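Each remark here refers to the structure printed beneath this line.
The values are calculated or read from the model by the stated rules, or taken from the named source; none is laboratory data. Just so it is clear, the structure is predicted and the values come from calculations on it, not from any experiment. Virtual Cβ from ideal backbone geometry, glycine too; neighbours counted across all protein chains shown. The protein model used for the area step is the full one, side chains on, heavy atoms only, and it has no ligands, DNA or RNA in it. Shrake-Rupley method; radii C 1.70, N 1.55, O 1.52, S 1.80 Å.
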Amino acid sequence: MQVAKTIKEVRSHVKTARSEGKKIGFVPTMGALHIGHISLIERAVKDCDFVVVSIFVNPTQFGPGEDFKKYPRPIETDLKICREHGVDLVFNPTPKEMYAAENLTCVNVEKLTEPLCGRSRPVHFRGVTTVCAKLFNIVAADIAYFGQKDAQQAIVIKRMVADLNMPVEIEICPTVREANGLAISSRNQYLSEQQKKDATLIYKSLQKCQEMISAGVKDSKKIISEMQKILQRIPSIKIEYISIVDAEMLQKLDQIAGEALIAVAVKIGSTRLIDNILIDKSK
Ligand code: AMP
């Protein structure tokens, strides 16, 4: 496995792989790799001949007062995980390598970045789309892999690629969970043991929603109110949103129909957690 710190090195390794006729897969991450990331890597290794993983805690997607500084950066463990899972190239740049002193260009997807997480994180998605556009230009992969865990991110990235005709296919992989249902996240390590237990109620609330929809309930308000009751059992919880939206434009659905995204964001103590499920009523 090669480890590149510079854009030039990545381009050179990818050029060689491409000249050998290899299909290039790409998994962008911020590191602190866990089994959620590994599921994307495994999928890329299965589909492609040359797999690139980027490990970059992207400063531009963190707002003021967010956890950029304290975000975990266990690079040696991450490299070991990549090596053990058949990654060919890790790109681990510094912020200086990725951003000029005065960066004047960014990519912004309108509308889709306003609701849900966009409300409390106004600069987040612009940072994500800009860094992904840059990474797509650097790696020039055939397929890039993202997780359903970050549902809005996946929808925004797909839209950016479609709107800007970027020559990369986007694959969205299922959310990996603990046995108790808690969606795996690098931020779970900020939680105490009790908070981790409490956090399992997030997925329980989504399961309740699924059950209600299966039983024929269509009224979003009713469903959200039941979900709220479950989440409020967590003592230190601050519910940021519980939203039922259409999975394309992220517009509020009063009645469940078509492909619906049910998304939750909460704070437990000072840790922000998100989770979601997709329900397709059009099939
Ligand atoms: P991050 O390092 O948090 O930026 O995540 C990198 C990629 O891994 C993103 O596409 C995430 O959606 C994906 N990811 C994170 N957690 C999970 C999970 N539990 N299951 C599936 N994918 C995940």
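Rounded to the nearest 20 debye, the dipole size of the range 154-269 about its Cα centre is 560 debye, using +1 on the Cβ of Lys and Arg and -1 on the Cβ of Asp and Glu. The value of relative contact order for the range 32-101, using C-alpha pairs under 8 Å at least six residues apart, is 48 percent. For G147, the residues whose amide H sits under 5 Å from its own are C173, ignoring neighbours fewer than 5 places away on the same chain, with H placed 1.01 Å from N.
Considering only H13, S54, G118, the residue lying farthest towards the positive end of the dipole of the chain is G118, judged by Cα position with unit charges set on Cβ.
Listed by number, the DSSP H helices of the chain that run 15 Å or longer by alpha-carbon position along their axis and have mean Kyte hydropathy of at least -1.0 are 7-19, 35-47, 124-139, 151-163, 193-214, 220-231. Counting only Cβ charges, +1 for Lys and Arg and -1 for Asp and Glu, the dipole size of the range 96-229 around its Cα centre is about 540 debye.
Distances between placed amide hydrogens fall under 5 Å for A32 paired with no residue 5 or more residues away or on another chain.
Residues whose amide H comes within less than 5 Å of that of V51, counting only those at least five positions distant or on another chain, are G25, D88, L89 (H built at 1.01 Å from N in the peptide plane).
Full extension of the segment from R119 to D47, taken as 0.36 nm per residue of separation minus the current Cα-Cα distance, would add 22.3 nm. Taking the centroid of alpha carbons for each part, the range 34-52 and the range 56-73 are 24 Å apart. Listed values for the range 246-261 are Karplus-derived 3J(HN,Hα) couplings in whole Hz (6.51 cos²θ - 1.76 cosθ + 1.60, θ = phi - 60°), namely 6, 7, 10, 9, 6, 8, 4, 10, 6, 10, 5, 7, x, 8, 10, 9, and x replaces Gly and Pro. For the range 84-164, the relative contact order is 31 percent, taking Cα pairs closer than 8 Å that sit 6 or more residues apart in sequence and dividing their mean separation by the residue count. Placing R11, R18 in order of accessible area, with the largest value first and a 1.4 Å probe, yields R11, R18. Remark: relative contact order (the chain) = 16 percent; criterion is Cα-Cα distance under 8 angstrom and separation of 6 or more residues. In the chain, the DSSP beta bridges split such that about 55 percent are antiparallel, to the nearest 5. Modelled label positions at N180 and Q251, each set 7 Å beyond Cα in the direction of Cβ, lie 4.0 nm from each other. Charge dipole of the chain (Cα centre as origin; +1 on each Lys and Arg Cβ, -1 on each Asp and Glu Cβ, all else neutral): 540 debye, rounded to the nearest 20.
Taking GluC sites (Glu not before Pro) in DSSP loop conformation with at most 13 other Cβ atoms inside 10 Å as exposed sites, the chain has its longest uninterrupted site-free stretch at 111-247. Summed over all non-identical Cα pairs, the Kirkwood treatment of the range 75-116 gives a radius of 13.9 Å.
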